[in-house]
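The values are calculated or read from the model by the stated rules, or taken from the named source; none is laboratory data. Small disclaimer: the values here were computed from a predicted structure and weren't measured. FYI the Cβ positions are ideal-geometry reconstructions off the backbone, even for glycines, and counts take in every protein chain you see.
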Amino acid sequence: MECLESSRSPLPWSGRRIAHLDMDAFFASVELLSYPELRGQPVVVGGRRRRDPEPGDAKRGFGRLKDYAGRGVATTATYEARALGVHSGLGLMKAAALAPEAILLPADFPAYARMSRLFKAAVAAVAPVIEDRGIDEIFIDLTDVPGETVALAQRIKDAVGRATGLSCSIGITPNKLLSKIASELQKPNGLTVLTLDDLATRVWPLPCSAINGIGPKASAALEAMGLCRIGQLAAADPGALVARFGRSYGAWLWEAAHGRDPRPLVTEREVKSVSRETTFERDLHPRRDRDTLTGILLDQCQRLGADLERKGRLARTIGIKLRYDTFQTVTRDLTLARATADPLAIRDAARACLRRVPLDRPLRLLGIRAGSLELPGASAGEDPFGEGAARVSGMLLPLEP
Ligand code: TTP
Ligand code: MG
Ligand code: MG
């Protein structure tokens, strides 16, 4: 409580009004636009990629989860399927045990990308300061947009609905951290406005894992310290958090629990880097789990390459981030002779970085980052380090928390 007082600003919005918008059951909802007859039913998206229709498909009808055999996972599920326990990341065979009659649809990524562009354009027409957070979510800075907060949020939801036929959930608070929490609170089709005065009643009762950036491992470690709820984390001794989680993450945990987050929105024009990172379900050892780690790295490189392509940028620097089982985090980066969006070139650079960090402890997180982004052709012909040469720098990268 004491801490809450000290963070309270005389302005109800601490000067800022930040929205987080996240589409509801996004992939599944896009599918329902094509198959309205499935509305109200449990529907799961996942498994094989979409193929061209074959003769007899129409007669066979929709596939059911119970008929699925394989190692695919659910990418998402309608809220009707979630009520039966199906969620993103769940193996489809396990999902079939919970919801055998649920309809299984293959993913159609180009369709989701199209809808993603449409909803973002619709929001931009109402409020132009947007940070793109991925296929189905954005932050919107409403500070300078005229209008009462709830009415404005409703206008944005209506604009998204008109442009796509889809529903979304919006959270509006003084910062990105709280808005990301708020948008989840009343899903689907939610509209949640919180001020710092609501912190104790609406945020502190939530589990620590409700904070974006506190994954399963960190929340387990917090739980072991007796800190299960955000309110308990806020009341914890910040020194003990730093001792357990390191100076940067420990201090961030405490600030986050107090609802403090000064980060500005990073708008498209200002994108200086793109990154992908994975926190593992269990700690992975660089030697014993080498194959798994190699697979994860390659997957990240492919995703990063696709991110760059989508943004129409090439990267001049590639960085890696590792977090050890101790929560200590190290980063390395490398400046390339030639800007690239090629996943294999990104992988080679990441491997060169990895050779420069100690790999003797289990890892809980691996991330890669593409920085010094430029437009294709921006440095054509210029190759200060010679063909294929790369300059390695040991600088610590300020990667996102
Ligand atoms: P989310 O916004 O996390 O989930 P969602 O939109 O399906 O549902 P919610 O209403 O809770 O927001 O993810 C957006 C899309 O990203 C989701 O529709 C499918 C895809 N996705 C995956 O492919 N794998 C995953 O593990 C997750 C979480 C999402
Ligand atoms: Mg969503
Ligand atoms: Mg999302």
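Of everything in region 108-143 that's part of a loop (DSSP other than H, G, I, E, B) and within 12 Å of ligand 1 (Cβ to nearest atom), which residue is nearest to residue 23 (Cα to Cα)?
136
Quick check, is residue 259 touching a helix residue (DSSP H, G or I) at 6+ places or on another chain (Cβ under 6 Å), in a loop (DSSP other than H, G, I, E, B), surrounded by 15 or more Cβ atoms within 10 Å (Cβ to Cβ) and of a type in the set (Gly, Ala, Ser)?
Working: touching a helix residue (DSSP H, G or I) at 6+ places or on another chain (Cβ under 6 Å): yes; in a loop (DSSP other than H, G, I, E, B): yes; surrounded by 15 or more Cβ atoms within 10 Å (Cβ to Cβ): yes; of a type in the set (Gly, Ala, Ser): yes.
Against the criterion (touching a helix residue (DSSP H, G or I) at 6+ places or on another chain (Cβ under 6 Å), in a loop (DSSP other than H, G, I, E, B), surrounded by 15 or more Cβ atoms within 10 Å (Cβ to Cβ) and of a type in the set (Gly, Ala, Ser)), residue 259 qualifies.
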- Would it be correct to say that residue 60 is in the same structural domain as residue 158 (by TED's automatic domain parsing), on the phi < 0 side of the Ramachandran plot and at pLDDT below 95? no
- Message: Checking residue 83 against (1) surrounded by fewer than 21 Cβ atoms within 10 Å (Cβ to Cβ); (2) within 22 Å of residue 160 (Cα to Cα); (3) away from ligand 1 (no atom under 12 Å from the Cβ); (4) at pLDDT 95 or above: exactly one of these is not met. Which one?
- Response: (2)
- Query: Out of region 344-388, which residues are surrounded by 12 or more Cβ atoms within 10 Å (Cβ to Cβ) and at pLDDT below 50?
  - Reply: 383, 385
- Query: Can you name the residue in region 321-343 that is under 25 Å from residue 362 (Cα atoms), in contact with a strand residue (DSSP E or B) (Cβ under 8 Å, 6 or more places away or on another chain) and of a type in the set (Val, Ile, Thr) and, of all such residues, is surrounded by the fewest Cβ atoms within 10 Å (Cβ to Cβ)?
  - Reply: 330
- Counting only residues that are among the small types (Gly, Ala, Ser), more than 16 Å from ligand 2 (Cβ to nearest atom), modelled with pLDDT under 95 and farther than 30 Å from residue 178 by Cα, how many does region 1-57 have? 2
- Message: Test of understanding: among 132, 158, which residue is closer than 27 Å to residue 78 by Cα and at pLDDT below 95?
- Response: 132
- Query: For region 71-98, how many residues meet the condition of being in contact with a helix residue (DSSP H, G or I) (Cβ under 7 Å, 6 or more places away or on another chain), more than 16 Å from ligand 3 (Cβ to nearest atom) and assigned to a loop (DSSP other than H, G, I, E, B)?
  - Reply: 4
- Message: Condition first: free of Cβ contacts under 8 Å to residues at least 24 places away in the same chain, part of a helix (DSSP H, G or I) and among the hydrophobic types (A, V, I, L, M, F, W, C). Now tell me which residues in region 215-234 satisfy that.
- Response: 220, 224
- Subset of region 305-357 (residues that are part of a strand (DSSP E or B), over 24 Å from the mean Cα position of the chain (by Cα) and over 19 Å from residue 277 (Cβ atoms)): 335, 336, 337, 338, 339
- Residue check, residue 134 among the small types (Gly, Ala, Ser) and farther than 22 Å from residue 268 by Cα: no
- Go through the residues of region 168-181 one by one and say whether even a single one is under 27 Å from residue 252 (Cβ atoms), surrounded by fewer than 19 Cβ atoms within 10 Å (Cβ to Cβ), in contact (Cβ under 8 Å) with a residue 60 or more places away in the chain and within 16 Å of ligand 3 (Cβ to nearest atom). no
- Got at least one residue in region 237-250 being touching a Leu at 6+ places or on another chain (Cβ under 8 Å) and not in a helix (DSSP H, G or I)? no
- Just need a number here: residues in region 157-198 that are within 20 Å of the chain's Cα centre (by Cα), of a type in the set (Gly, Ala, Ser) and in a helix (DSSP H, G or I). 3
- Message: in the same structural domain as residue 301 (by TED's automatic domain parsing), touching a residue at least 12 places away in the same chain (Cβ under 8 Å) and under 17 Å from residue 287 (Cα atoms): is that true of residue 343 in this structure?
- Response: no
- Item | Flag for residue 99 being more than 14 Å from ligand 2 (Cβ to nearest atom) and in the same structural domain as residue 39 (by TED's automatic domain parsing) | yes
